[in-house]
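K.L.:
Mind looking over this structure? Questions follow.
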């Protein structure tokens, strides 16, 4: 979810120049584009844009486009005029396996203020970062059109050829040096890892515009307040995404008064492309389908009106609505996407919640029913229930418990060692809890009903999640009887027949540990915790307990 | 019954002995004195005195006292004769002084004894012999003041300086110079009776009262002849640590009960999930930004699970992702990777359980399902972030399910689970629902709107691959936040509190 900063005065002026909008009134309209006001400081409004599939909204121009519809200032599809030209870019075939696609537009006669440039940089940054998957899928470059000699070439270079001065530097570096020295080179070098050749964008005189997706040239790849004619380029690995990003950038420039000129992309083994592409799509929706899903009998007129507010073109013909989808609405994949816009732009507050009551019969899971009985019985022994994390680590589970390391489910990308594995038994969680309460009142009697995870290669998820009960008593005179009594009480309460069989387990004192058997199978363990284990946890109080499976 | 008799009736045997002892003596008594007079040990006196003091019957003052004690050497002479007595006895018996030194006493003792009598002018010492004069002989049957003083220690281990007679005081000073006695200064408690105490002491009847009622007393009928000692039922007692449900688990239990009452059936599922059920089946593309290593915990080993049991579903989901399949959608337009689908992760969202429910062959239509699911997210643990937490999510499937009914359901949740009537709906984005909405509830406690629920209707791209052709309403409740608001908890880590006192003190 990108956060974007916009100038409030700029936004208001663009939405409805003739009538002022106060902030309170603005908020519900911001919600209509699935966004929220995240903060305001002076004239800077921070907007959290909620829709990750709508990069067209990640800039003030895009928000304004929608808001003008919502405020009924404008309706229907916004038409972007494109002048056909023969600016041409040749694409090298060897890019097929590196970064195959490019799309460009030439913008002329645009007046770039400092503020507009900042907005465009922010848009570029957000789109590259999120929608462009940190430049892996797409990246944007801007150039001073007046300095370029056409036609351009989107080609390849050897790592030590085509040295140029990258942005913010003063001396020439080869592509290889850029990856090793330039901050952006270091940040994005992984995108070109293992490549024999790197993408390079050059003009007819062989001057370097940029090395996509890493860095622009300091000479050609800069726009400032004096720039009036701009070349916008997008390269990437996904054709549709590249074209969508270019389209959105082109619209931003057009919304700021620029004139758009098309560019011919000359691919080696396919038909040349003309970019940007503003092709619309068409959907037909039935009035009755809208009514069925939304549960409200909207008229064809209501639907058309809502769609036009949402910047679609729409018209009705015999209960069938013809909808034209704006080119930038790549998020519209299914008619339901259109239904949602109808609901939002008709006004959510116009839908009365219908409280109907469900025709179904509710039911707790068997596991929950059992765990409630178990918990009730444990509380009957005056034990305090606790809830702890399933996440733990090798040291808690094995080292501290005086056990040899064994296979457990470990996390490949842990954030900290503390939470780097899933517990395969509950007792360490109780020990950890007790270790945090050594200065508190004793006796301490605690229990937890919770899940543990053990590896199981036969399972479709490589593991079994098992529901367990663990119980511990820590007191000056706690002994095996306390653990056995409590477990016996729980088992009796459940009507379970359990048997205690002498058992050895390194976490417990030999001769004071038993396997807990039910129906001939071991379901758990009970015992007096070994002083070595107590010491590992920093406990000085005798501690006993048990753990049984409830699954 | 007067207050005095009530008080008298409430006294325990030990309290009675102390009060009586103080009454009898009339003056403030020291601890040691009281112990001697009541035959009670130190802790019994202390405990009973505290009760009596709390009832206002006695006053306890702390005073500085000086006591005389014997040194090790001094204690020796409690049973042995003092050197001066040995000397006088020997001389009377006709033993010569020079023999005495070697036979009865060492030189040091002898010199001390000689000095003692010389100072009293009771002895004549010449070159020829040493003998007693009349003064000396008068001590034959008369004890010295030192002897009298030391004898007192036959029955006590110390004497209070303040209580010493002038003669004893003199003896004490002299013996101190000889290293036989010493003084000991300490703070002692002085017990005195109050006016009320004295009157209560008078009101004590001689009969024995029943303290702890025992089976023997009940059986024997002894209780019919005796009265019961009154207990101070207003007095404080030690806190009893009882067993309690963990407060947050208890809240989740309430939520579950509400959901069951509304008609929801509980779902279950594994904590380790395949990316397929956690994401793909919910129409989240495989390169979705929320599927990176910063948002999902990946399992180290085994890396991949098996989707063999879901071959058909996998085929359908793949088709939907790539081009919309049979759903009428454009799909995400990319090459779906079946291997990536089997990648094992720690469940990140409760919605994975809804996907499992839709895949279940026992799925009911109409149906309503819910789960309180433990989920995991890579994060640094702090006051606002947990690495694992609980999500409450569910679905409603039915031919007649629609958006307005979803709003109705959410309004009902808000009322039943958050207790709030004041709610508002906002458009929202979720990858798997369309339309999607978020519900804010008005929190009077915080005096602001709080995000409480998220919901929507599952996209056909989600439901159709499962063969589910009816609309599916999906919702989630921010139970963590609701509980924190209700319990006024500021630090989210307290949901998993490791402080036993905090857990014990929670109100239900």
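Computed from the coordinates by the stated procedures, all read-outs in this text should not be read as laboratory data. On a predicted model such as this, the values are computed, not experimentally measured, just so you know. A quick note on method: Cβ atoms are made from the backbone with ideal geometry, for glycine too, and the neighbour counts reach across all protein chains shown.
K.L.:
Can you give the extra length, in nm with one decimal, that the chain gains between residue B:112 and residue B:167 once fully stretched, where that is 0.36 nm per residue apart less the Cα-Cα distance?
P.N.:
Value of the extension gain: 17.7 nm.
K.L.:
Which distance in Å, rounded to a whole number, links the C-alpha centroids of segment A:296-336 and segment A:238-293?
P.N.:
Taking the Cα centre of segment A:238-293 as reference, the centre of segment A:296-336 is 18 Å away.
K.L.:
If you don't mind, another one. What's the percent breakdown of Cα-Cα distances in segment A:3-70 across 5 Å bins, shortest bin first?
P.N.:
Whole-percent P(r) values from 0 Å outward: 4, 18, 33, 30, 12, 3, 0.
K.L.:
Counting pairs of alpha carbon atoms under 8 Å apart in space and at least six apart in sequence, what relative contact order in percent does chain A give?
P.N.:
12 percent
K.L.:
Quick one: if the Förster radius is 30 Å, what FRET efficiency do residue B:12 and residue B:61 give, using the C-beta to C-beta distance and rounding to 0.05?
P.N.:
0.85
K.L.:
Based on the mean of other beta carbon atoms within 10 Å per residue, what is the order of A:446-454, A:47-55, most packed first?
P.N.:
Descending mean neighbour count gives A:446-454, A:47-55.
K.L.:
Now for a separate question. Any number yet on Rg/Rh for segment A:366-549, C-alpha, Kirkwood?
P.N.:
0.95
K.L.:
Against the longest alpha carbon principal axis of chain A, how many degrees, from 0 to 90 and to the nearest 10, is the axis of helix A:23-32 turned?
P.N.:
Compared with the principal axis, the helix lies near 80 degrees.
K.L.:
Further, regarding this structure: Counting other C-beta atoms within 10 Å, which of A:239, B:432 has the fewest, and how do the rest follow?
P.N.:
A:239, B:432
K.L.:
Here is a further query. Let me know the mean shielding of B:273-282 by other chains, meaning the per-residue number of their Cβ atoms within 10 Å of its Cβ.
P.N.:
1
K.L.:
For chain B, what does the alpha-carbon gyration tensor say about shape, rounded, prolate or oblate, given a ≥ b ≥ c as the root eigenvalues, a/c under 1.5 as rounded, and a/b over b/c as prolate?
P.N.:
Verdict is prolate for chain B.
K.L.:
Please state the relative contact order of segment A:1-134 as a whole percent: Cα pairs under 8 Å, 6+ residues apart?
P.N.:
For segment A:1-134, the relative contact order is 28 percent.
K.L.:
Let me know the shape class of the protein assembly as shown, please: from the alpha-carbon gyration tensor, a ≥ b ≥ c as square roots of the eigenvalues, rounded when a/c is under 1.5, otherwise prolate if a/b is greater than b/c, or oblate.
P.N.:
Verdict is prolate for the protein assembly as shown.
K.L.:
Rounded, prolate or oblate: pick one for chain A, where a ≥ b ≥ c are the square roots of the eigenvalues of its C-alpha gyration tensor, a/c under 1.5 means rounded, and failing that, prolate if a/b is larger than b/c, else oblate.
P.N.:
Prolate, because a/c is 1.5 or more and a/b exceeds b/c.
K.L.:
Moving on to the next point. Given the DSSP H assignment, sum -39500 (n - 2.57) over each helix run of at least 4 residues in the protein assembly as shown and divide by its residue total; what's the result at 222 nm in deg cm²/dmol, nearest 500?
P.N.:
Dividing the helical sum by the residues of the protein assembly as shown leaves -9500 deg cm²/dmol.
K.L.:
Quickly rank A:203-209, A:311-317 as a protection proxy: mean count of other C-beta atoms within 10 Å, highest first.
P.N.:
Peptide ranking by packing, descending: A:311-317, A:203-209.
K.L.:
Using the alpha-carbon centroid of each, what span in Å lies between segment B:317-374 and segment B:458-478?
P.N.:
9 Å
K.L.:
Okay, which of segment A:389-413 sit inside 17 Å, backbone N to the point 7 Å along the Cα-Cβ direction of residue A:510?
P.N.:
So the set is A:402-404.
K.L.:
Relative to the present Cα-Cα distance, how much length would full extension add between residue A:196 and residue A:352 at 0.36 nm per residue of separation?
P.N.:
Residue separation times 0.36 nm, minus the Cα-Cα distance, leaves 49.9 nm.
K.L.:
Here is a further query. What does DSSP give for the protein assembly as shown in terms of the percent of beta bridges that are antiparallel, rounded to the nearest 5?
P.N.:
90 percent
K.L.:
In peptide B:321-333, how many Cβ atoms from other protein chains are near each Cβ within 10 Å, on average?
P.N.:
So the per-residue partner count for this stretch is 3.
K.L.:
Something else about it: Quick check: pseudo-label points 7 Å beyond the Cα along Cα→Cβ at residue A:297 and residue A:418, how many nm apart are they?
P.N.:
Simple spin-label model gives 6.0 nm for this pair.
K.L.:
Relative to a virtual label point 7 Å from the Cα of residue B:506 in the Cα→beta-carbon direction, which members of segment B:225-260 show backbone nitrogen distances below 12 Å?
P.N.:
B:244-254
K.L.:
How do B:20, B:6 line up, fewest other C-beta atoms within 10 Å first?
P.N.:
B:6, B:20
K.L.:
Which whole-angstrom value gives the distance between the alpha carbon centres of segment B:1-76 and segment A:420-449?
P.N.:
First find each Cα centre; the distance between them is then 46 Å.
K.L.:
Taking R0 as 41 Å, what's the FRET efficiency between residue A:289 and residue A:5 from their Cβ-Cβ distance, rounded to 0.05?
P.N.:
0.55
K.L.:
Further question: What distance in nm separates the simple spin-label points at residue A:488 and residue A:459, each placed 7 Å from Cα in the Cβ direction?
P.N.:
Result: 3.4 nm between the two label points.
K.L.:
Here is a follow-up. If you count, for each residue, the other Cβ atoms within 10 Å and average over each peptide, how do A:424-432, B:316-324, B:178-186 line up from highest to lowest?
P.N.:
A:424-432, B:316-324, B:178-186
K.L.:
Along Cα→Cβ, 7 Å out, is where each label goes; now give me the distance between the ones at residue B:96 and residue A:502 in nm to one decimal.
P.N.:
8.4 nm
K.L.:
Further question: How many Cβ atoms of partner chains, on average, are near each residue of B:447-457 if near means within 10 Å of its Cβ?
P.N.:
1
K.L.:
I would also like to ask the following. Using the beta-carbon distance between residue B:361 and residue A:320 and R0 = 41 Å, what value does 1/(1 + (r/R0)^6) give for FRET efficiency, to the nearest 0.05?
P.N.:
Calculated transfer efficiency: 0.60.
K.L.:
Let me ask something else. Just rank B:138, A:474, fewest to most, by other beta-carbon atoms within 10 angstrom.
P.N.:
Fewest-to-most Cβ neighbours within 10 Å comes out as B:138, A:474.
K.L.:
Here is a follow-up. Please state the relative contact order of chain B as a whole percent: Cα pairs under 8 Å, 6+ residues apart?
P.N.:
For chain B, the relative contact order is 13 percent.
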